[in-house]
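This report concerns only the one structure given below.
Values in this text are rule-based calculations from the coordinates and carry no lab data. Here the structure is a predicted model, which is why all the values come from computation and not from measurement. Positions of Cβ are backbone-derived with ideal geometry, glycine not excepted, and every protein chain shown enters the neighbour counts.
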Amino acid sequence: MGFTYYGDLIGVTSLYRQDPEKAYKTLNEFYNTTFVTLANSSEEKVYMFSDSLVFCGENTESAIESLENLYLNLILKKNIMLRGAIVSGKLQFDPRIERTNFEKRLPRGTELVRAVCLESQYKGARFIVENALAEELLGEVRDWRTVNGYVNNITGDTFIGKNDFRRKIIPAPEGGGYEYLYFWPSNNTLKHHEQDHEGLKDKLSEIGRYPKKDISKHYSETINLLKRSLDRKRYTDSKLD
């Protein structure tokens, strides 16, 4: 199947206007955290430029788990908000004649433009999943393509584990795609379960009071995502424990 993910940071342009040194430090944290988090993705390719990240490969399930960890490491540990989208198909480039000081990266297919366009449609530190990719990932649990279907068939057609990543793929409230509830973490070894979610909500709410409306929307939508993540986790725990 293959996948391509595109993401960029929220607020970096404004931060450069206000405090270039702080903006540089934020990007430095972004690069270092991404490098450490995705370091074991040896079969995938990672490209970073300015505040943008492109991640592509063949193992979609593993990539989603890696990206979940990246989102959590960035927002919970570094106060960095990443917004991105994942689509089906692995990004590939045309072979071109190059020079040592002249590299060419002409995408062969539509994967990158689809990911960029999908990402740009949503506000907040969101992890958006393309419709076609979500439907393929949920192929064994077709009911879960809707919230109603999940509630009415929470165990799956054949019992699926409580923390299976597919439980966290839900239709985005705005429509047009699915989103991944990464605030419901899969990997206990990262100790993200111990994080202060109420403290994070308070922090995002306070910061979001002051920017102009289109910027403050990023903060309110991130809070909404956090609530949806914890709500689905609580509901799932209550039905499967």
| message | Under 10 Å, Cα contacts only: if you run a Gaussian network model on the chain, which one of 205, 229, 14 comes out with the highest mean-square fluctuation? | response | 14
| query | Sequence-distant or interchain residues sharing an amide H contact under 5 Å with residue 179, placed H: which? | reply | 129, 170, 172
| field | Nearest-20 debye value, the chain charge dipole, Cβ charges on Lys, Arg, Asp, Glu | value | 620
| remark: Projecting the Cα atoms of 2, 24, 82 onto the charge dipole of the chain, where Lys and Arg contribute +1 and Asp and Glu -1 at Cβ, the residue farthest towards the positive end is 24
| said: Can you tell me, using C-alpha contacts under 8 Å and at least 6 residues apart, the relative contact order of the chain as a whole percent? | reply: 19
| query | What translational diffusion coefficient, in µm²/s and rounded to a whole number, does the Stokes-Einstein relation yield for the chain at 4 °C and a viscosity of 1.567 mPa s, taking the hydrodynamic radius as the Kirkwood radius over Cα pairs? | reply | 69
| Once Lys and Arg get +1 and Asp and Glu get -1 on their Cβ, which of 122, 154, 175 lies farthest toward the positive end of the dipole of segment 82-241? | 122
| said: Tell me which chymotrypsin sites (Phe, Trp or Tyr not before Pro) from segment 133-178 have a DSSP coil assignment and no more than 11 other beta carbons within 10 Å of their own. | reply: 159
| message | How would 218, 197 line up from fewest to most surrounding beta-carbon atoms within 10 angstrom? | response | 197, 218
| said: Calculate the FRET efficiency for residue 209 and residue 65 from the Cβ-Cβ distance with a Förster distance of 30 Å, rounded to the nearest 0.05. | reply: 0.30
| query | ³J(HN,Hα) across segment 150-155 via Karplus (A = 6.51, B = -1.76, C = 1.60, θ = phi - 60°), whole Hz, x for Gly/Pro? | reply | 5, 4, 7, 9, 5, 7
| request: About the Cα centre of segment 1-106, how large is the charge dipole given +1 on each Lys and Arg Cβ and -1 on each Asp and Glu Cβ? Please answer in debye to the nearest 20. | output: 360
| Calculated FRET efficiency, residue 52 and residue 163, Cβ-Cβ r, R0 25 Å, to nearest 0.05? | 0.25
| note | Computed, not fitted: 222 nm per-residue ellipticity of the chain from DSSP H runs ≥ 4 (each -39500 (n - 2.57)), nearest 500, equal to -13000 deg cm²/dmol
| note | Sites removed, the longest contiguous part of the chain containing no DSSP-loop GluC sites (Glu not before Pro) with at most 10 other Cβ within 10 Å is 104-241
| said: Only counting other Cβ atoms within 10 Å, I'd like 182, 210 sorted with the fewest neighbours first. | reply: 210, 182
| said: Can you give me the long-range amide H partners of residue 80? Hydrogens built in the peptide plane at 1.01 Å from N, cutoff under 5 Å, separation of 5 or more residues or another chain. | reply: 75
| field | Separation of alpha-carbon centers, segment 6-53 and segment 80-116, rounded to whole Å | value | 17
